[in-house]
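Each remark here refers to the structure printed beneath this line.
The values are calculated or read from the model by the stated rules, or taken from the named source; none is laboratory data. Here the structure is a predicted model, which is why all the values come from computation and not from measurement. As a convention, Cβ positions derive from the backbone with ideal geometry for all residues, glycine included, and neighbour counts pool all protein chains shown. Protein only, heavy atoms only, side chains kept; ligands, DNA and RNA dropped before computing areas. Shrake-Rupley method; radii C 1.70, N 1.55, O 1.52, S 1.80 Å.
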Amino acid sequence: MMKEDNSLRRITRLQIYMFFTQFLFSTTVGFFIAPLVTTAGFMVWVSVLFGCALGLFITYLSYRLSMRRPNGFLEQYGHEIIGKWIHYPLIYIVIFINLYLAAFILRQFTDFITQNFLPETPDWAINSLFGVCIAQGVRSGPVSLFRSAQGLFLLSIGSVIAFPLFASKQLSFDKAIAFVTNLNMSGAWNGSMMFASLWGEMSFIIYLIPYIKHPEKLMKSLRWAAYTAGVVTLVNILAILFLFGPELTSNMSYPVLELVRYIRVGSFLENLDPLLVLFWLYTMYLKIALFLLLSVMGLTHTIGLKDHKPFANLMTATMIFLSMYMFNDAAQPEQIMKTSITALLLFTCMIPALYLLVDWLRSYRRKRIN
Amino acid sequence: MISIAVVFGMIGYIEWRSLQRSNRKQKTQRRVVILSLLLMLGMEAMYINRNHLSIGLIIDSLFDPIQRWIFIG
């Protein structure tokens, strides 16, 4: 039996709510709107609702597993459930996938910044500067990272909600009928899977359970985070569809940026896009930092080190080099978002569910024998 | 290529020195040095083969069939 260490438990439920709200809408609003609209068209609202519910269910499975051993890290007790020959390879895969996801989002971030705001700046400079910030966040640990999410929560959520509000005069609400008449069930299903894979990322909370105060009440914070981020995403997607329609949206790289550029309320707001985008970029920092932190912590626990700090800078450097050299050109990340990222995310999110299933079966068998 | 070796060499050395100064176990120091060497070699290999072998595309080829199976149509 693992001993409870209450000195670790410093992440509050409010911090979890604020962190995961920003974590969920960050890349979804930034990079996933075009693939989602391409897949689901006007049925994207069904995808958002169903995907949100499915993502919460995946997270719930992870939560149930964590409640069976709330004082331990999955990396440390997992071999008791599925045996060390499956557990360790699986955990190394999770470590690599988390590192890959951090590098992938960093690459998307760099492409976005260089294409829109810093065209002459070399990639390595943006990566290194952003990487230094991420390394500091990761080195500080999960408690500091979750606390930092509180700082700009209202500003980041306010700015993302403001995108459609400022552009409301230009929206063509006549298209609203298409949300009911343009039925596309296969598209809605595919979109739901994409959305579920993004919302299912909340299941990664299992790797941080010993840091959370009152983990038994965790699900409520996650549920509210999922709802809030769902509303933020839906408002943005609907505004984009009202403004551009599905055909034009699916041909855009960054529909939200186009929406922000449509803001023509007054001279004061005309050049506001860098400011609005700035707060949204902060949410991306949180997402990359969490993926990297999970990778670093996973490695620390698997190797058997006391703290994660010695690995933080090394893994950050690896993430930066990966993001620079793992793709040959800028088109590859966009292609991967359409062809494999949903399966990759669902696979990673379902790993705790696999452990839960085996744990349930084993305890059921034990009960029958006794 | 040289920059990868320099970056990992510097970070590895700084981490190793700080572990030494805080009197951490020999085993911990060894693990940090080994990891920095492994990561450096991995990144060098990726850099050298970046035109023939893209890690992104390898992962894509692994998960693309699963995604085709999940998606309808």
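Observations on the structure shown:
- Qualifying residue in region A:347-369 (condition: open to solvent by 50 Å² or more (accessible area, probe 1.4 Å) and not in a helix (DSSP H, G or I)): no
- Top-ranked residue of region B:22-53 - restricted to ones that are more than 9 Å from chain A (Cβ to nearest Cβ), of a type in the set (Val, Ile, Thr) and touching a residue at least 12 places away in the same chain (Cβ under 8 Å), ranked as least open to solvent (accessible area, probe 1.4 Å): B:Val33
- Residue list for region A:320-362, filter: under 27 Å from A:Leu36 (Cβ atoms) and of a type in the set (Ser, Thr, Tyr): A:Ser323, A:Thr339, A:Ser340, A:Thr342, A:Thr348
- From the list A:Val277, A:Val256, A:Val232, A:Val296, the one residue that fits, being open to solvent by less than 10 Å² (accessible area, probe 1.4 Å) and closer than 30 Å to B:Ile34 by Cβ, is A:Val296.
- Residue list for region A:317-340, restricted to those being part of a helix (DSSP H, G or I), within 8 Å of chain B (Cβ to nearest Cβ) and open to solvent by less than 40 Å² (accessible area, probe 1.4 Å): A:Ala317, A:Thr318, A:Phe321, A:Leu322, A:Gln332, A:Pro333, A:Ile336, A:Thr339
- Residue tally, condition among the polar types (S, T, N, Q), surrounded by fewer than 21 Cβ atoms within 10 Å (Cβ to Cβ) and in a helix (DSSP H, G or I), over region A:66-107: 1
- Selection status of A:Phe163, open to solvent by less than 50 Å² (accessible area, probe 1.4 Å), of a type in the set (A, V, I, L, M, F, W, C), more than 27 Å from A:Met315 (Cα to Cα) and in contact (Cβ under 8 Å) with a residue 40 or more places away in the chain: yes
- Members of region B:54-73 that are more than 13 Å from A:Tyr100 (Cα to Cα) and facing chain A (nearest Cβ under 7 Å): B:Phe63, B:Asp64, B:Ile66, B:Gln67, B:Ile70, B:Phe71, B:Ile72, B:Gly73
- Lone unmet requirement of (1) within 7 Å of chain A (Cβ to nearest Cβ); (2) open to solvent by less than 40 Å² (accessible area, probe 1.4 Å); (3) under 15 Å from A:Met315 (Cα atoms) for B:Leu19: (3)
- When the criteria are applied in full, A:Gly187 fails the requirement of being touching a Leu at 6+ places or on another chain (Cβ under 7 Å), within 14 Å of another protein chain (Cβ to nearest Cβ) and modelled with pLDDT of 80 or more.
- Residue within region A:113-134 that is without any contact (Cβ under 8 Å) to a residue 60 or more places away in the chain and among the acidic types (Asp, Glu) present: yes
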